[in-house]
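Everything on this sheet refers to the single structure shown next.
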Amino acid sequence: MADPYRANGPYFEDRARLARLLNDPDRPVQPVLAGKAHPADEDGKHMICDWIDLAQRPEFRQRVVFLEDYDIALAQELVQGVDVWINTPRRPWEACGTSGMKVLVNGGLNLSERDGWWEEAYAPELGWAIGDGREYPEGERDREDAEALYTILEQEVVPEFYTRDAAGLPRRWLDRVRRSTAVLTPTYSSSRMARDYVEQYYLGGAAELRRRTADGAALAREMTSWEVCLRRHWLELSLGETSISSTDGAWRFSVAVYFGEIAAEDVAVQLYADARDSESPFLRELRRGEPISGAANGHIYTGSAPDIRPAEDYTVRVIPYHPGARIPVELSLVLWEK
């Protein structure tokens, strides 16, 4: 086992329970702890001190090993020999958890907080998880998570590892290892990552480059002129007051847009609302109507949105538009109504 992050909290407070778990003569457990604190991370330094203190206690000295100066080279050795990789960050502070991914191809299993990659990858037949998948104020769930970790180790992990057949093989454990390796390794690997980059980005980018540079780079020249014009005249864009009405279960929006020296075809006028709960942000194009009488370059735009949200949730915005451009990556201009 490796990498229990919150070593100085409730995970190590129940010394008697930990001693029973480690010193069972019939089902011994050998924890290997490894970590390195940033020079400015005082809490991390204290945590490592607690680990070392624990490893030196008489009741744990023959069972607990602390490996100092944790780095990639040491991690490479650990993932080759570990049976269960334990990772216990405070959700949601686990950036990813690549060490747990590296364990997969080496036949190790994961027992981790449902955070980082394990939130996405976990399934009961592939490993074990602690936590309920929700976020809490810092430290509030430590004791519950410690209890869950001990319970899983005592009632699931250790019995499964030591339940052997006549040939001395832990069949259920090996089945779980095979499932974990077969299901997770192809997904959480550098091969899959490289393939995704090639298929989803590089090939498309190469095709787009060929398209833009064809015919003497005609499209590239056109897009450059489009961008230069927008950047030069963007501050001339303005929005009039939005008119809102309600009919047939929808909000109806009408807004005047004044373009200055910008062509109406070079921008998109949209109705937008931030994401709410688990929903995606609301986004809808507004339709351009007739020119505004008396305005040099203005149009009325109209559209609708469901009235299941308050009208004030929605706002009008103007962004660049060109059929060949990736917005906002290539041109991050935006005009908000509010």
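Okay, here's what the table says:
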quantity: Hits in segment 120-129 - residues which are surrounded by 17 or more Cβ atoms within 10 Å (Cβ to Cβ) and free of Cβ contacts under 8 Å to residues at least 24 places away in the same chain; calculated: Tyr122, Ala129
quantity: Enumeration of residues in segment 82-119 that are in contact (Cβ under 8 Å) with a residue 40 or more places away in the chain, surrounded by fewer than 23 Cβ atoms within 10 Å (Cβ to Cβ) and in a helix (DSSP H, G or I); calculated: Ser99, Met101, Val105, Trp117
quantity: Sole residue being acidic (Asp, Glu) and either in contact with a Gly (Cβ under 8 Å, 6 or more places away or on another chain) or in a loop (DSSP other than H, G, I, E, B) (or both), chosen from Glu199, Glu138; calculated: Glu138
quantity: Within segment 170-193, considering residues that are within 18 Å of Thr98 (Cβ to Cβ) and more than 18 Å from the chain's Cα centre (by Cα), the one surrounded by the fewest Cβ atoms within 10 Å (Cβ to Cβ); calculated: Ser191
quantity: Matching residues in segment 186-231 - criterion: being under 30 Å from Ala256 (Cβ atoms) and touching a residue at least 12 places away in the same chain (Cβ under 8 Å); calculated: Met223, Trp226, Glu227, Cys229, Leu230, Arg231
quantity: Criterion (over 20 Å from the mean Cα position of the chain (by Cα), at pLDDT below 85, assigned by TED's automatic domain parsing to the domain that holds Glu135 and assigned to a strand (DSSP E or B)) met by exactly one of Leu33, Leu54; calculated: Leu33
quantity: Yes/no for Asp274 being touching a Pro at 6+ places or on another chain (Cβ under 9 Å), more than 30 Å from Lys102 (Cβ to Cβ), surrounded by fewer than 13 Cβ atoms within 10 Å (Cβ to Cβ) and not aromatic (Phe, Trp, Tyr); calculated: yes
quantity: Selection count, segment 260-276, where residues are part of a loop (DSSP other than H, G, I, E, B) and within 18 Å of Gly303 (Cβ to Cβ); calculated: 1
quantity: Some residue of segment 117-133 being over 27 Å from the mean Cα position of the chain (by Cα), more than 28 Å from Lys36 (Cβ to Cβ) and of a type outside the set (S, T, N, Q); calculated: no
quantity: Test: residue in segment 259-274 that is of a type in the set (Gly, Ala, Ser), touching a Lys or Arg at 6+ places or on another chain (Cβ under 8 Å) and within 22 Å of Leu235 (Cα to Cα); calculated: yes
quantity: Qualifying positions in segment 239-261 - of a type in the set (Ser, Thr, Tyr) and either outside the structural domain of Pro310 (by TED's automatic domain parsing) or in contact (Cβ under 8 Å) with a residue 24 or more places away in the chain (or both); calculated: Thr242, Ser246, Ser254, Tyr258
quantity: Check on Ala296, at pLDDT 95 or above and on the phi < 0 side of the Ramachandran plot; calculated: no
quantity: Condition check for Gln62: polar (S, T, N, Q), in a loop (DSSP other than H, G, I, E, B) and either touching a residue at least 24 places away in the same chain (Cβ under 8 Å) or within 30 Å of Thr185 (Cβ to Cβ) (or both); calculated: no
quantity: Search result, residues across segment 166-221 that are closer than 30 Å to Gly324 by Cα and of a type in the set (Phe, Trp, Tyr); calculated: Tyr197, Tyr201, Tyr202
quantity: Qualifying residue in segment 182-191 (condition: β-branched (Val, Ile, Thr) and more than 30 Å from Val82 (Cα to Cα)); calculated: no
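Each row is one residue, and each column tells you yes or no for (1) in contact (Cβ under 8 Å) with a residue 60 or more places away in the chain; (2) surrounded by 17 or more Cβ atoms within 10 Å (Cβ to Cβ); (3) touching a helix residue (DSSP H, G or I) at 6+ places or on another chain (Cβ under 8 Å).
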{"residue": "Asp266", "(1), (2), (3)": "no, no, yes"}
{"residue": "Pro281", "(1), (2), (3)": "no, no, no"}
{"residue": "Ala295", "(1), (2), (3)": "no, no, no"}
{"residue": "Gly298", "(1), (2), (3)": "no, yes, no"}
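The values are calculated or read from the model by the stated rules, or taken from the named source; none is laboratory data. Note that the coordinates shown come from a computational prediction; the quantities given were computed from them, not determined experimentally. Neighbour counts are summed over all protein chains in view; Cβ atoms, including those assigned to glycine, are modelled from backbone coordinates with ideal geometry.
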